[in-house]
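The values are calculated or read from the model by the stated rules, or taken from the named source; none is laboratory data. What you see is a predicted model, and the numbers here were worked out from it, not measured in a lab. Positions of Cβ are generated from backbone atoms using ideal geometry, with glycine treated the same way; all protein chains shown enter the neighbour counts. Ligands, DNA and RNA are excluded from the accessible area calculation, which covers all protein heavy atoms including side chains. Shrake-Rupley method; radii C 1.70, N 1.55, O 1.52, S 1.80 Å.
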Amino acid sequence: MELQAIRFEVENGIARLTLARPEQLNAFTVQMHTEVAYALDRVENERGIRVLLITGAGRAFCAGQDLGERNVDAGPLDLGSNIEKYYNPLVRRLVALPVPVVCAVNGVAAGAGVNLALACDITIARKSAKFVQAFSAIGLVPDAGGTWTLPRAIGQTRALAFVLSGEPLSAERAEEWGMIWKAVDDESFDAQVDALVQRLGAGPTRGLVNAKRAIRAASTATLEEQLDLERDLQRESGLTDDYREGVTAFKQKRAPRFTGI
Ligand code: T3D
């Protein structure tokens, strides 16, 4: 597929997906959704891919839906069908991907762009980045899973004010509130993101993915269900080559050489 709205590269087990419409702050169009879906197909199907990094080109991460695509003068729009066709599958696929997903928020994130970042497994942002739940400014409701993720991450009180006020949230405050993993100095951002994806890309992929499945399941499970799930996932993880390698390397006092198998 010829890519116009994103860049997608795979090297040494690391897949890098860059939203690449910098003039529109990487806002989502149908074309971009189609290309992102193609990239996720590859991540799901290429066994050599062991981590996915999502970031943005230029000064922004993503400004959510491209409002240029919305002709509000042409009659009523059914936005629900767009959510059903594009944003919901995107979030469902991201959380279920068989590799860890890192989101590197390189600049402003707005609307669905924020919630896309929050759907990833690990979100790391430049200190100069900010998050804007821009929906309230145009009369919409947060989508892309935001109304589910936000209260769980930062609590109902903060989620309500963040969404209803539309006030930008700094990356440092987002870290303090537990909305993202960490905000890092702009100067060291690229190096820190790179070190993280290199480490995850060389990690015990199946164990990492099972850990993510367990943690993601916890918010809707009882303790009994979670204990059962941990047993099942530990059984599966204990049968991997990487578990054997991890224990062997520990006993031999050397660094493990994981293969993702
Ligand atoms: O429709 C559906 O399917 C429902 C789904 C909805 C999901 C959503 O995401 S709804 C929310 C959509 N997003 C927004 O409302 C955000 C709109 N953008 C902003 O609020 C601001 O641009 C930012 C806070 C993100 C950044 O502000 P700032 O001052 O740094 O930049 P700017 O000057 O506003 O924008 C720079 C350019 O990007 C500008 O273009 P220009 O004038 O240089 O030609 C601006 O129009 C463009 N841009 C920014 N956001 C969007 C956009 N173009 C299209 N769509 C955008 N969302």
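Coupling constants for the stretch 165-170 follow from the phi torsions by the Karplus curve (6.51 cos²θ - 1.76 cosθ + 1.60, θ = phi - 60°), and in residue order they are 6, x, 5, x, 10, 6 Hz; glycine and proline get x.
Leu229 contributes an accessible area of around 50 Å² to the protein surface, as traced by a 1.4 Å probe with all chains present.
In the full protein context, the chain carries 52 Å² of accessible surface per residue, based on a 1.4 Å probe and ignoring ligands, DNA and RNA. Suppose a student asked you for the relative contact order of the stretch 6-201, using Cα pairs under 8 Å spaced at least 6 residues apart; what percent would you report? Computed value for the stretch 6-201: 20 percent relative contact order. Each of Phe61, Met1, Gln24 was placed along the dipole of the stretch 1-75 (beta-carbon charges, centred on the mean Cα), and the one lying farthest toward the positive end is Phe61. The share of accessible area on the chain that comes from carbon and sulfur is 53 percent, using a 1.4 angstrom probe. Residue ranking by accessible heavy-atom surface, 1.4 Å probe, largest first, among Thr248, Thr147 comes out as Thr147, Thr248. For the stretch 189-261, the Cβ-based charge dipole about the Cα centre amounts to some 380 debye (Lys, Arg positive; Asp, Glu negative; other atoms uncharged). With everything on Cα atoms, drop me the angle between helix 186-201 and the longest principal axis of the chain, reported from 0 to 90° to the nearest 10. Helix 186-201 and the main axis of the chain meet at about 50 degrees.
Cross-link candidates for Lys212: which aspartates and glutamates have Cα within less than 12 Å, leaving aside residues fewer than 8 places away along the same chain? Within the straight-line limit of under 12 Å, Lys212 reaches these aspartates and glutamates: Asp121, Glu230. Rounded to the nearest 500, the helix-only mean residue ellipticity at 222 nm of the chain stands at -13500 deg cm²/dmol, with each DSSP H run of n ≥ 4 adding -39,500 (n - 2.57). In the chain, the longest principal axis of the Cα atoms and the axis of helix 223-238 are about 60 degrees apart. Residue by residue, the stretch 141-150 carries 3J(HN,Hα) couplings of 9, x, 10, 6, x, x, 6, 8, 6, 4 Hz when phi is fed to the Karplus relation 6.51 cos²θ - 1.76 cosθ + 1.60 (θ = phi - 60°); x denotes Gly or Pro. Asp232 contributes about 60 Å² of solvent-accessible surface, heavy atoms of the protein only, 1.4 Å probe. Within the full protein context, the accessible area of Asp78 is estimated at about 110 Å² for a probe radius of 1.4 Å. Among the trypsin sites (Lys or Arg not before Pro) in the stretch 181-261, which ones are in a DSSP loop with at most 16 other Cβ atoms within 10 Å of the Cβ? Mind listing them? Answer by residue number: Lys253, Arg254, Arg257.
Assuming charge only on the beta carbon of Lys and Arg (+1) and of Asp and Glu (-1), the dipole of the stretch 6-201 about its Cα centre is about 340 debye to the nearest 20. For the chain, the longest principal axis of the C-alpha atoms and the axis of helix 241-251 are separated by about 60°.
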